[in-house]
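Here the structure comes first, spelled out in structure tokens, and everything after it is commentary.
The values are calculated or read from the model by the stated rules, or taken from the named source; none is laboratory data. Since we're looking at a predicted model, the values are computed, not measured. Reconstructed Cβ throughout: ideal geometry from the backbone, glycine too, with neighbour counts over all protein chains shown.
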């Protein structure tokens with residue numbers, strides 16, 4: 001079971017703005033919700049997400065339960081060379097996730 | 001001046017006087033705003049916050065933020081902060097941009113606890129801060145009862 005799905009065009013021209021989409025499976029539990037038994041659900045949300053392109057940081061998001069469950073993100077990368085796009089994130093439970101080795105072909 | 005004329009003129013003057021005025025969208029004494037801006041003025045403009053006018057469900061509301069910037073080494077956007085008026089966590093998210101970001105633009109989805117004003121603040125490489133505000137009506141708030 002994959003926790004994240006990344007969408008990229010198959011190929012990009014040099015210097016082109018490449019649309020990058022990622023969606024991550026995560027409840028982004030707010031800490032304010034109660035289950036059927038009235039038990040408060042502990043907060044557990046992704047608190048940080050970092051995207052690196054060929055090792056250089058492109059995009060960093062510091063997040064909270066103010067981001068919807070199963071968070072999605074879309075941004076535009078300037079691809080100048082073929083290289084890997086690596087995502088890393090961490091949640092309140094200190095569980096980190098990665099989605100990496102997505103190759104941007106220029 | 002006739003009273004009617006006076007009222008007409010003051011109504012006209014209202015939006016004009018608010019336009020371009022520093023800190024029109026934010027409170028300068030808000031500690032959350034200060035934590036981003038360090039007390040600098042936040043000017044309205046450059047930022048476009050795209051949210052629907054009405055959201056049936058606050059659990060997932062699409063949002064796009066665009067900032068008018070060439071995104072060059074000399075002139076780029078460093079950060080964007082999204083602030084909620086009514087969420088228990090007002091500091092919804094902050095985004096930091098690196099040199100390979102082609103456009104100062106991104107899209108994600110928010111959770112909103114009821115109808116409110118949402119503010120986006122962008123920090124530029126020259127140290128200035130710019131903002132936009134959107135009033136959104138949320139029919140069914142993201143669940144935060146009690």
For this session: Return yes or no: is residue A:82 at pLDDT below 95 and out of contact with any strand residue (DSSP E or B) (no Cβ under 7 Å at 6 or more places or on another chain)?
Result: no
Exercise. Restricting attention to segment B:85-130, which residues are within 11 Å of another protein chain (Cβ to nearest Cβ), over 30 Å from residue A:79 (Cβ atoms) and more than 15 Å from the chain's Cα centre (by Cα)?
Worked result: B:88, B:89, B:111, B:113
Exercise. Considering only segment A:48-76, how many residues are more than 8 Å from chain B (Cβ to nearest Cβ), at pLDDT 95 or above and surrounded by fewer than 17 Cβ atoms within 10 Å (Cβ to Cβ)?
Worked result: 2
For this session: Return the pairs, sorted by first residue and then second, in which the second residue is surrounded by 11 or more Cβ atoms within 10 Å (Cβ to Cβ) and not in a loop (DSSP other than H, G, I, E, B), the first residue lies in segment A:29-44 and is within 8 Å of chain B (Cβ to nearest Cβ), the beta carbons are less than 8 Å apart, and the residues are 6+ apart or on different chains.
Result: A:32/A:40; A:33/A:40; A:34/A:40
Exercise. Failed condition for residue B:143, given (1) outside any loop (DSSP other than H, G, I, E, B); (2) more than 14 Å from the chain's Cα centre (by Cα); (3) within 12 Å of chain A (Cβ to nearest Cβ), with all others met?
Worked result: (1)
Problem set entry | Conditions (1) part of a strand (DSSP E or B); (2) farther than 20 Å from residue A:15 by Cα; (3) in contact (Cβ under 8 Å) with a residue 40 or more places away in the chain; number of the one not met by residue A:78 | (2)
Seminar exercise, completed: Every listed condition ((1) touching a strand residue (DSSP E or B) at 6+ places or on another chain (Cβ under 9 Å); (2) free of Cβ contacts under 8 Å to residues at least 60 places away in the same chain; (3) at the interface with chain B (Cβ under 9 Å from one of its Cβ atoms)) holds for residue A:93 save (3)
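Residue by residue, here is whether (1) part of a strand (DSSP E or B); (2) surrounded by 16 or more Cβ atoms within 10 Å (Cβ to Cβ) holds:
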position	(1), (2)
B:56	yes, no
B:62	yes, no
B:71	no, yes
B:89	no, yes
B:114	no, yes
B:123	yes, yes
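The rows are residues; the columns are (1) in contact with a helix residue (DSSP H, G or I) (Cβ under 8 Å, 6 or more places away or on another chain); (2) closer than 17 Å to residue B:92 by Cβ; (3) in contact (Cβ under 8 Å) with a residue 40 or more places away in the chain; (4) not in a loop (DSSP other than H, G, I, E, B).
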| residue | (1), (2), (3), (4) |
| --- | --- |
| A:6 | no, no, yes, yes |
| A:12 | no, no, yes, no |
| A:20 | no, no, yes, yes |
| A:23 | no, no, yes, yes |
| A:26 | no, yes, yes, no |
| A:50 | no, no, no, yes |
| A:58 | no, no, no, yes |
| A:61 | no, yes, no, yes |
